[in-house]
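In what follows, a structure is listed as structure tokens, so that the remarks can point back to it.
The values are calculated or read from the model by the stated rules, or taken from the named source; none is laboratory data. Everything numeric in this text was worked out from a predicted model, so none of it was measured. Please note: Cβ atoms are built from the backbone with ideal geometry, for glycine as well, and neighbour counts cover all protein chains shown.
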Amino acid sequence: MSEKRLSWEEYCADVLQWQNDELDLNDRIINAGLGIADEAGEVAGAVKKRFFYKVPPYRSEFDFREKLVDEMGDTLWYFALMCECIGSNLEEVMRYNMEKLRRRHSGGT
Ligand SMILES: [Mg+2]
């Protein structure tokens, strides 16, 4: 699955057309926040099943990886929705996080 590079803006323009446009801003924020937690939980569930089930539901490591990519994508969708709701984007979040980590690991918090 390697096509031409995909920008954050292209991704959002494509996938956010599927959001529920009957929701007002507050409900979209609630939907995004709960959706991020829900889908991140599905990532955790996949990991739990892979490492703790006596009989994991994945036929191969490829299937397990595909499940992770699928659930991370679902999480990304809600992340994109939240970004749109609060007027942010992937680059702002990445830069904010990088600066926070840099401060934390250079003695600050
Ligand atoms: Mg999912």
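Per the conditions (1) at pLDDT below 95; (2) among the hydrophobic types (A, V, I, L, M, F, W, C); (3) in contact with a Gly (Cβ under 8 Å, 6 or more places away or on another chain), the sole criterion not satisfied by Val55 is (3). Could you say which residue among Ala44, Ala32, Ala40 is under 17 Å from Met72 (Cα atoms), among the hydrophobic types (A, V, I, L, M, F, W, C) and touching a residue at least 40 places away in the same chain (Cβ under 8 Å)? Unique residue meeting the criteria: Ala32.
Whenever a residue of the stretch 80-105 is touching a residue at least 40 places away in the same chain (Cβ under 8 Å) and closer than 18 Å to Glu9 by Cβ, it has no partner that is part of a loop (DSSP other than H, G, I, E, B) and not polar (S, T, N, Q) lying with C-beta atoms less than 6 angstrom away and at least six residues away or across chains. The single condition among (1) under 16 Å from the mean Cα position of the chain (by Cα); (2) under 25 Å from Asn89 (Cα atoms) that Asn26 does not meet is (1).
With the requirement that a residue be loosely packed, with under 12 Cβ neighbours inside 10 Å and either of a type in the set (Gly, Ala, Ser) or closer than 20 Å to Ala37 by Cβ (or both), what does the stretch 87-102 give you? Answer for the stretch 87-102, where residues must be loosely packed, with under 12 Cβ neighbours inside 10 Å and either of a type in the set (Gly, Ala, Ser) or closer than 20 Å to Ala37 by Cβ (or both): Gly87, Tyr96, Asn97.
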